[in-house]
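J.: I'd like to ask some things about the structure below.
The values are calculated or read from the model by the stated rules, or taken from the named source; none is laboratory data. This one's a predicted model, so the numbers in the text were calculated from it and none came from an experiment. Here the Cβ positions follow ideal geometry from the backbone for every residue, glycine too, while neighbour counts run over all protein chains shown. Each accessible area value is taken on the protein alone, full model and side chains, heavy atoms only, with ligands, DNA and RNA left out. Shrake-Rupley method; radii C 1.70, N 1.55, O 1.52, S 1.80 Å.
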Amino acid sequence: MSTRVEVTVDIDRPINDVYAYLADGLHDPEFNPRVLVMDRSPYGETELGTVFQSTVRNAGLKTHREFEIVDVAAPNRIRWHETSYHSITAREGGYDLEPTADGGTRVHLFNVLEARDIGRLLLPLVGGRARKDAPAFGRRMKAAVEGSV
């Protein structure tokens, strides 16, 4: 059982800047209030096999999450999948970036949430909340990237 959550946002920064910011991964807490702590292994540039470890707050509970980078094509594409086991996980997700005519960048973010066990009962609620928040998430991402140096 799964559901897809996505958002597209135009960011007033060149594609290489936006890609570098998003690929870094450690910026996620700047636009995702659920992410409390973010780390990566190995340190350095994000590449195939890089694993991001995060502590997130979901429904008042803290959980540890791990995401592995499974595809990278700078500056246009980043793909991940969650390797940690929870009742709801991100089976796949990613960013697609393309330059806009005015020198900015259009970013399309998606996550496919997959439910297991008790998560099957919660997925409609969780997916609905995530889709409802998607436009605000896009605005937070835009503000964070545009405000970065």
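J.: Nearest 20 debye, what's the magnitude of the dipole of segment 1-137 about its Cα centre given +1 on Lys and Arg Cβ and -1 on Asp and Glu Cβ? Don't skip to the answer; put the middle values down first.
T.: Numbers: 16 positive and 21 negative charges, 155 e Å.
Charge dipole of segment 1-137: 740 debye, to the nearest 20.
J.: Mind giving me the nanometre distance, one decimal, between the label points for residue 125 and residue 45, set 7 Å out from Cα along Cα→Cβ?
T.: About 4.4 nm, to one decimal.
J.: So, with a 1.4 angstrom probe, what is the percent of accessible area on segment 20-149 that is carbon and sulfur?
T.: Values: 3910 of 7000 Å².
Here carbon and sulfur together make up 56 percent of the probe-accessible area.
J.: Just to confirm a number: summing +1 for Lys and Arg and -1 for Asp and Glu over residues other than residue 106 whose beta-carbon lies under 15 angstrom from that of residue 106, what do you get?
T.: Details: positive: 13, 77, 139, 142; negative: 6, 10, 12, 17, 96, 98, 102, 146.
Result for the local shell: -4.
J.: If you compute Cα extents along the principal axes in Å for the structure shown, which of (i) 52, 38, 25; (ii) 46, 33, 24; (iii) 63, 32, 18 do you land on?
T.: After the calculation, the listed value that fits is (ii).
J.: Counting other Cβ atoms within 10 Å of each Cβ, which chymotrypsin sites (Phe, Trp or Tyr not before Pro) in segment 1-78 have at most 10 and sit in a DSSP loop? List each step's numbers first, then the result.
T.: On the way: sites: 19, 21, 31, 43, 52, 67; in loops: 43.
Those that pass, being in a loop and sparsely packed, are 43.
J.: Next question. Quick one: Cα centre-to-centre distance for segment 53-84 and segment 102-149, in angstrom?
T.: Here the two parts' Cα centres lie 12 Å apart.
J.: Moving on. Just to confirm the number: angle between the C-alpha axis of helix 119-147 and the first principal axis of the chain, 0 to 90 degrees, nearest 10?
T.: 20 degrees
J.: Let me ask something additional. Would you kindly derive the ³J(HN,Hα) couplings of segment 20-32 from the backbone phi angles with the Karplus curve 6.51 cos²θ - 1.76 cosθ + 1.60 (θ = phi - 60°), listing them in order in whole Hz, with x for Gly and Pro?
T.: Along segment 20-32, the couplings run 4, 5, 6, 5, 4, x, 6, 7, 3, x, 6, 10, 10 Hz.
J.: Still on this structure: Extension gain residue 6-residue 143, at 0.36 nm per residue separation less the Cα-Cα distance, in nm? It would help to have the intermediate numbers written out before the result.
T.: Numbers: separation 137, 0.36 × 137 = 49.32 nm, distance 1.78 nm.
Computed gain between residue 6 and residue 143 is 47.5 nm.
J.: For the chain, report the accessible area per residue in Å² (1.4 Å probe, heavy atoms, rounded to an integer).
T.: 54 Å²
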